[in-house]
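The values are calculated or read from the model by the stated rules, or taken from the named source; none is laboratory data. Given the structure is predicted, the values throughout are model-derived calculations rather than measurements. With ideal geometry, Cβ positions are generated from the backbone for all residues, glycine too; neighbour counts draw on all protein chains shown. In case anyone asks, the SASA skips ligands and DNA or RNA and just uses the protein heavy atoms, side chains included. Shrake-Rupley method; radii C 1.70, N 1.55, O 1.52, S 1.80 Å.
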Amino acid sequence: MKQAKVLSSEELKRVMAICIAMQNGKRNRLMLMLSHYAGMRVGEIASLKWADVLDKEFRPKTMFYLKAENTKAKEARQVHLNAKLQKELFTYWAQLDRWKKFERPVVQSQKGGHFTPNSMVQAFTRVFDAAGIEDASSHSGRRWFITQMAHAGVSPKVIMELAGHKQLT
């Protein structure tokens, strides 16, 4: 099976810009940012609730735990939110109206409920197609996240833990 493409910085900028012009663009941009800047899988993104990522004062946390039942390895793990992602979460939360509840999904379907992982994969595909980027998939963000850390000199063991991998390979 062919590996998902790792986007270049220019391609990532193009994808983010394309999101704004699309229907549900702000939601799609947040979904892509959670993949690229937090290294989350689609199933993990689909399972997120606002209570996971916001503190009691409705500010984005710097770190939260994914529940074991929401991860591929079925083990809880830490997710770190950088300043760029925190700002995006804060901005997106602020613009919500009737769906603004702690127990609601962060990335909501058009009906206000949770995405299924499969429908989120399809949403990623629509965004990449609109941006004219071939061979990118819902896994491209995780690969970008891991690649960025490796190029920054982060220890392979730390990368493994942040990505939720059980083995270094």
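Counting only residues that are open to solvent by 60 Å² or more (accessible area, probe 1.4 Å) and at pLDDT below 90, which one in the stretch 110-122 is nearest to Val42 (Cα to Cα)?
First, pick out the residues of the stretch 110-122 that are open to solvent by 60 Å² or more (accessible area, probe 1.4 Å): 110-111, 114, 116-118, 122.
Still in the running and at pLDDT below 90: 110-111, 114.
Details: Gln110: 17, Lys111: 19, His114: 12 Å.
This residue is His114.
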Exercise for review: Check the stretch 58-70 and report whether any residue there is touching a Ser or Thr at 6+ places or on another chain (Cβ under 8 Å), buried (at least 16 other Cβ atoms within 10 Å of the Cβ) and of a type in the set (S, T, N, Q).
Suggested key: yes
Check your understanding: Residues in the stretch 123-146: is at least one more than 21 Å from Arg27 (Cβ to Cβ), open to solvent by 60 Å² or more (accessible area, probe 1.4 Å) and either touching a strand residue (DSSP E or B) at 6+ places or on another chain (Cβ under 9 Å) or not charged (D, E, K, R) (or both)?
Key -> no
Practice item. Please determine, by comparing only the residues of the stretch 3-43 that are in contact (Cβ under 8 Å) with a residue 60 or more places away in the chain and hydroxyl-bearing (Ser, Thr, Tyr), which one is surrounded by the most Cβ atoms within 10 Å (Cβ to Cβ). Key: Ser35
**Study point:** Lone unmet requirement of (1) in contact with a strand residue (DSSP E or B) (Cβ under 9 Å, 6 or more places away or on another chain); (2) among the acidic types (Asp, Glu); (3) closer than 13 Å to Phe128 by Cα for Glu44
**Key:** (3)
Review point. Which pairs have Cβ atoms under 9 Å, sit 6 or more apart or on different chains, and link a residue in the stretch 50-71 that is within 11 Å of Phe102 (Cβ to Cβ) and acidic (Asp, Glu) to one that is assigned to a strand (DSSP E or B) and open to solvent by 90 Å² or more (accessible area, probe 1.4 Å)?
Key: Asp52/Tyr65
Review point. Checking Arg104 against (1) surrounded by 14 or more Cβ atoms within 10 Å (Cβ to Cβ); (2) under 23 Å from Gly141 (Cα atoms); (3) not polar (S, T, N, Q), which test does it fail?
Key: (2)
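Does Met160 satisfy being under 18 Å from the mean Cα position of the chain (by Cα), of a type outside the set (Ser, Thr, Tyr), open to solvent by less than 40 Å² (accessible area, probe 1.4 Å) and farther than 18 Å from Asn70 by Cα? Quick ask: steps written out before the conclusion?
Numbers: under 18 Å from the mean Cα position of the chain (by Cα): yes; of a type outside the set (Ser, Thr, Tyr): yes; open to solvent by less than 40 Å² (accessible area, probe 1.4 Å): yes; farther than 18 Å from Asn70 by Cα: no.
Answer is no for this residue.
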Review point. Out of all the residues in the stretch 94-110, is one or more out of contact with any Cys (no Cβ under 6 Å at 6 or more places or on another chain) and assigned to a helix (DSSP H, G or I)?
Key: yes
